[in-house]
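First up is the structure itself, then whatever we jot down about it.
The values are calculated or read from the model by the stated rules, or taken from the named source; none is laboratory data. Everything numeric in this text was worked out from a predicted model, so none of it was measured. Counting neighbours? That spans all protein chains shown, and the Cβs are built from the backbone with ideal geometry, glycine included. Accessible surface is based on the protein model in full, side chains and every heavy atom, while ligands, DNA and RNA are left aside. Shrake-Rupley method; radii C 1.70, N 1.55, O 1.52, S 1.80 Å.
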Amino acid sequence: MSEAAARSASAGPFSMFERMVAWRYLRSRRKETVISVIASISFLGIMLGVATLIVVMAVMNRFRAELLTRILGVNGHLIVSPADLPLEDYAELATRINGVAGVKYAIPLVEGQVLARGNVGSGSGALVRGISGGDLGKVALVAGNIKQGSIAGFDTAGGVAIGKRMATNLGLALGDTITLISPDGDVTPFGTTPRLKAYPVTAIFEVGMSEYDASIIYMPFSEAQLYFNSEGKAQNLEVYLDNPDDVDAISPKVEEAAQQQIYLTDWRQRNQGFFSALQVQRNVMFMILTMIVLVAALNIISGLVMLVKDKGHDIAILRTMGASRGAILRIFLMAGAAIGVAGTIAGVLAGVFICLNVERIRQFFSWMTGKVLFNPELYFLNQLPARMEFGETVSVIVMALVLSFLATLFPAWQAARLDPVEALRYE
């Protein structure tokens, strides 16, 4: 009974016999060098395609997440602007909005564009944000990244907080004086003259996004009201939520709590073009890089077709010895699938390794080439990020395996339908 069971197991679908034959066909022999080279190229193509897909998707995921964290860490999730009258009751309005469930805090702001001048250069454009010291402490991305100085006593210090990149560009250090020039200055009989005033630098921050580090100046709220001729008023309120994705649910509650006509803008509307472009780029990159795996799968087809032609005599002998068409089909399916599975596994391992060390790899190639790769001034971030998502990685693996298995169907079917009589007629 045991012998019969063993014989049945050795002759069943995907049995040891079929796996042994498939493995022998994959092994390199001197007269089958071309086939082995094609199989190796297919393996490398699938490995590189899978690894590249995983790395690119991980970098783009982390890139989007880092940008979102920095943008929402500096800017409010909801912007409350007056619909008609100026916001003179901004303190009471902020208190009412703070009572809405899901709202972390609401911050009154006075904003304006200025020309900032330092010790070097001709100056640069900047955005002044008037905010109280207590509210600035709530903006964790700024308050938690003060590199020099302090925001303690910000309201009474009479100075401003600037970004590290702005300090570098203008040649400023802690305690130096920065001169701000506003086009909306004093009205005189001869017209409006620009307002010019100097402030000491009391704090230097670095949020890690070069656009913000080079352009934002935080000024005490009361001083900003005087500077921009907005005494007793706030230009808008920035509302920070516990979860930025809850803007649709919380917006009606904020409007109700305001008890007046207001205009609401959420972070998605303010950055719609930017994040839409990132999503389109991500989808296009996935489609383009999938073509690498597809080309490798086509190499599997060509390699197996050549293998079937070369092994026509062996297939005929196996058929005459009792091997069924299904057995021949499964042998070549396993031979081709082995290339795809091995290439996919190697690609996943390579992709994970690169993702875990992507910043070190960037620094190494920067050192080798002597050039700055991933320039912060172009890409907004000061280091190359990567974050793998489980579902996305699984989809890449499934896609690679499906393409590899589909590539083996035609050559395996061609081998299974080979007529042993025709193959042995001229032997």
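Counting other C-beta atoms within 10 Å, and keeping those with at most 15, which DSSP coil GluC sites (Glu not before Pro) do you find in the stretch 156-262?
Those satisfying the criteria are E231.
Among all helices in the chain defined by DSSP H, which have a length of 18 Å or more along the axis from Cα atoms plus a Kyte-Doolittle mean of at least 0.5?
Span-like helices in the chain: 33-74, 272-310, 325-356, 390-416.
What range in the chain is the longest one free of trypsin sites (Lys or Arg not before Pro) that are in a loop by DSSP and have at most 13 other Cβ atoms within 10 angstrom?
The answer is 30-370.
Mind checking the per residue accessible area of the chain for me, 1.4 Å probe, whole number of Å²?
Using a 1.4 Å probe on heavy atoms only, each residue of the chain averages 51 Å².
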